[in-house]
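What follows is a set of notes on a single structure, which appears directly below.
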Amino acid sequence: MESVEDIAARLKDIEQKRELLAKCFKETDSAKITKFKFPISPVNLNGIKICGVDGGFLKKEYHGAGLILRRAVAVCFEYIDGRLANAKYHPSKKPFPEPIVTGPEFSDYDFNILANLSREEVELKTCLEAIEQFSPNVLVRDGSIVLHPSSMPEQSSKAYGKYKEIISLMKELYRKCEEKHILLVGAVEDSKGKRYCNILMQEAIPALLKANITVETLKRINDCKDVLENTTDTLFLYNLLNVGERTAVSDYSKTSELPILKDMEEYSRKLFVLYMKAAEFDRPLRIDFLADFEKLDETAEKAATIIFEISKQNRMYSYPSVLIEADARAKLMEDDIFHFKAALAEKLGRNPMLFDLRRDLRPF
């Protein structure tokens, strides 16, 4: 069994390899051999309306029922002379959470997927309502603008009908943003993605090893390149990017044949990703965005400059300020679902549907 000292030494060695590989990439960038990163241009937010949407939800399974509480809030920040001038909310600053009750026909697996889809549904509907209410220039979602693969049920699942509704809402949001020329962005708070590292490993490094670089740099890259196989994008980019820099754009996925992307139809080719570093002591932030390929560079630059400007306020934590406000308004407390269950129990009496699961009642 590894000791704490052994584990620490192993992790330190991995991090040193990441740092060394990032240093090599910075050197090849400086020598104009590669272009792994780009400076983010300053932007004046004068006259821009930025809308952020976040949701809160809680779920709890009981013996014969599943309880879900959900709500979403849209916050619209309007900037005048580069300063925040107004903040508006939809449907309100603190909307009452909506309850959903499922029956025993949902398995644990189906219930968990349904809960995630229910949260996605209320957020997407709030996004669409916010577009009509505020006519923003930029719409920022908390999380990706693509449904996570773990929320895609089997066709035989009780939750599959809800999934199809969510896909329809997503495509409607994409269409509305295109029609009204709204920049649609998703800010992923804790990304575990490895797409950028995979691109480096499979495409960039093989090309770089054939380039005109020094023998010493070549050896260092060759010695350290394997670290990318067990590294997330943000872990590696923490060393590569300086504050105010971003990566090049990559496709959301290497293939549009992923089941969820297939369901997005033509929009599967309009989904892109970049990373930026907005705070000195925080990891880079992942940004998903919707763009036509013909305007990809222009849209990427616009997304990076605006999101950087509203995410750089704290040296320790980088996240769009409009989403921080939306999260504060939408968040639910753990006690909320127990209060709702208590209100139900008062009406129903001692109903076995609301018995706690035995695993939640173990006295030992």
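The values are calculated or read from the model by the stated rules, or taken from the named source; none is laboratory data. Values in this document were obtained by computation on a predicted structure and should not be read as measured data. Neighbour counts are summed over all protein chains in view; Cβ atoms, including those assigned to glycine, are modelled from backbone coordinates with ideal geometry.
Being assigned to a strand (DSSP E or B) and farther than 13 Å from E189 by Cα is the filter here, so list the residues in segment 279-299 that pass it.
Pass one, segment 279-299, residues assigned to a strand (DSSP E or B): 285-290.
Within segment 279-299, F289, L290 qualify.
For segment 154-166, which positions are part of a loop (DSSP other than H, G, I, E, B), in contact (Cβ under 8 Å) with a residue 40 or more places away in the chain and surrounded by fewer than 19 Cβ atoms within 10 Å (Cβ to Cβ)? Show your work before the answer.
Narrowing segment 154-166 to residues part of a loop (DSSP other than H, G, I, E, B): 154-159.
Going one step further and asking which of them are in contact (Cβ under 8 Å) with a residue 40 or more places away in the chain, we end up with 157-159.
Selection gives S157, K158.
For M276, work out the one condition from (1) assigned to a strand (DSSP E or B); (2) closer than 16 Å to L184 by Cβ; (3) aliphatic (A, V, I, L, M) it doesn't fulfil.
Just one mismatch for M276, condition (2).
Given the conditions (1) over 19 Å from the mean Cα position of the chain (by Cα); (2) part of a helix (DSSP H, G or I); (3) at pLDDT 95 or above, which single one is not true for V243?
The one condition V243 does not meet is (2).
Residue by residue through segment 19-78, note down the ones that are out of contact with any Gly (no Cβ under 8 Å at 6 or more places or on another chain) and aromatic (F, W, Y).
Once the filter is applied, which keeps residues that are out of contact with any Gly (no Cβ under 8 Å at 6 or more places or on another chain) and aromatic (F, W, Y), segment 19-78 yields F25, F36, F38, F57, Y62.
Keeping to segment 96-111, report how many residues are of a type in the set (D, E), at pLDDT below 85 and surrounded by 13 or more Cβ atoms within 10 Å (Cβ to Cβ). Before you say what the answer is, go through the steps one by one.
Initially, segment 96-111 is screened for residues of a type in the set (D, E), giving 98, 105, 108, 110.
Narrowing further to those that are at pLDDT below 85: 105, 108.
From what's left, surrounded by 13 or more Cβ atoms within 10 Å (Cβ to Cβ): none.
Final tally of qualifying residues: 0.
Considering each of K17, K32, K59 in turn, give the residue that is within 30 Å of M333 (Cβ to Cβ) and at pLDDT below 95.
Details: K17 fails: within 30 Å of M333 (Cβ to Cβ); K32 fails: within 30 Å of M333 (Cβ to Cβ).
Within the list K17, K32, K59, the selection yields K59.
Hey, among the residues in segment 173-208 that are among the acidic types (D, E) and in a helix (DSSP H, G or I), which one's modelled with the lowest pLDDT?
E203
Of the residues in segment 209-218, how many are in a helix (DSSP H, G or I) and in contact (Cβ under 8 Å) with a residue 60 or more places away in the chain? Spell out how you get there, then give the answer.
First pass over segment 209-218, keeping only residues in a helix (DSSP H, G or I): 215-218.
Among the residues that remain, those that are also in contact (Cβ under 8 Å) with a residue 60 or more places away in the chain are: 217.
Total meeting the criteria: 1.
For every residue, the table says whether it meets (1) more than 25 Å from E178 (Cα to Cα); (2) touching a residue at least 40 places away in the same chain (Cβ under 8 Å); (3) in a strand (DSSP E or B).
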position	(1), (2), (3)
N46	no, no, no
K60	yes, yes, yes
E78	no, no, yes
Y109	yes, yes, no
L114	yes, yes, no
R119	no, yes, no
